[in-house]
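Asks: This is the structure, below, for whatever I ask next.
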Amino acid sequence: MGHAFLMGQKRVVSKEVKQHIYCGGETPYRVYKINPYDMSTISESPAYGDTIYSLTFDGQYVYCGGITTNKVWKIDPSDMSKVAESITYSGDIRTLTNDK
């Protein structure tokens, strides 16, 4: 078992993290997979091409959208590879959601 400290309290956590945090933004225009226990970067996606404004997760894939590229990318969180992309939209993608 691993150990983590949160607000002064010792918490026992599994060595295998099953939930992650995903973030994206400006330079270098990638989606990052982050370990929530120690906030370390686990892996990253290929470069999207410009600022990523929105992320969503459907339980299986991470989706990102942003400006200039103006496409939604489907990312496999197991290796952070791009598995598909949408058509090009006529403007910036500022919000994504899913109906899962």
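We did not get these values from a lab; they are worked out from the coordinates using the rules stated. Just so it is clear, the structure is predicted and the values come from calculations on it, not from any experiment. As a convention, Cβ positions derive from the backbone with ideal geometry for all residues, glycine included, and neighbour counts pool all protein chains shown.
Asks: What number of residues in segment 41-72 are touching a residue at least 40 places away in the same chain (Cβ under 8 Å), assigned to a strand (DSSP E or B) and closer than 14 Å to residue 22 by Cα?
Replies: Number of matching residues: 7.
Asks: Still on this structure: Can you tell me which residues in segment 41-95 are touching a strand residue (DSSP E or B) at 6+ places or on another chain (Cβ under 7 Å), of a type in the set (Ser, Thr, Tyr), surrounded by fewer than 15 Cβ atoms within 10 Å (Cβ to Cβ) and more than 16 Å from residue 29 (Cα to Cα)?
Replies: Passing the criteria: only 95.
Asks: Then there is this: Could you please find all residues in segment 73-100 being part of a loop (DSSP other than H, G, I, E, B) and within 21 Å of residue 21 (Cα to Cα)?
Replies: 77, 78, 79, 80, 93, 94, 95, 96, 97, 98, 99, 100 - these are the residues of segment 73-100 that are part of a loop (DSSP other than H, G, I, E, B) and within 21 Å of residue 21 (Cα to Cα).
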